[in-house]
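Working notes, beginning with the structure itself.
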Amino acid sequence: MKKFILAVALAATLAACAKRPDAIVQADIPMQAYTNLGCPQIAQLHTTEKKKLDDLSKQQISAANGDAFGVFLVGVPIGSVAGGDKEGEVAVSKGKVSAMESAALSKGCKL
């Protein structure tokens, strides 16, 4: 019984760990949010958002690594507990980038 409780506790702890950026599903952002813009504006916003996504992804990787380290040492996902998990922000940023790329493609823009 003790092993079962320990296994459940470990599973719950691991479930609270931060995901790697590539495992985060993008948020559903409609491309219509960007189709009213011109190609130069879409390109500029795309560049800015891609940089933001790269920065958020680095922070998310750091949180995931911190969680793995914390769970290994003390059984607590330190990165997530400390507020380092950026899963929601990564999902939204991925969605924006995808929407911009779709809008640019529909307008014949090059990014």
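The values are calculated or read from the model by the stated rules, or taken from the named source; none is laboratory data. In this text the structure is predicted, and so the values were computed from the model without any measurement. Backbone-built Cβ (ideal geometry, glycine too); neighbour counts: all protein chains shown.
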*Determine if the stretch 64-71 includes at least one residue that is under 28 Å from Ser106 (Cα atoms) and either touching a residue at least 60 places away in the same chain (Cβ under 8 Å) or among the hydrophobic types (A, V, I, L, M, F, W, C) (or both).*
no
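Just for the stretch 94-111: of the residues that are modelled with pLDDT of 90 or more and part of a loop (DSSP other than H, G, I, E, B), which one is farthest from Thr35 (Cα to Cα)? Walk me through how you get there before you give the answer.
The initial filter retains those residues of the stretch 94-111 that are modelled with pLDDT of 90 or more, namely 94-110.
With the extra rule that they be part of a loop (DSSP other than H, G, I, E, B), the set shrinks to 108-110.
Numbers: Gly108: 11, Cys109: 11, Lys110: 14 Å.
So, considering only residues that are modelled with pLDDT of 90 or more and part of a loop (DSSP other than H, G, I, E, B), the one farthest from Thr35 (Cα to Cα) is Lys110.
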*Which residue, of Ala18, Ala91, Ala12, is surrounded by 11 or more Cβ atoms within 10 Å (Cβ to Cβ), of a type in the set (Gly, Ala, Ser) and modelled with pLDDT under 95?*
Ala18
_Being at pLDDT 90 or above and farther than 14 Å from Ala99 by Cα narrows it down to one residue among Leu45, Leu37, Leu56; which is it?_
Leu56
*asked:* Is it the case, given these coordinates, that Val25 is more than 19 Å from Leu111 (Cβ to Cβ) and modelled with pLDDT of 95 or more?
replied: yes
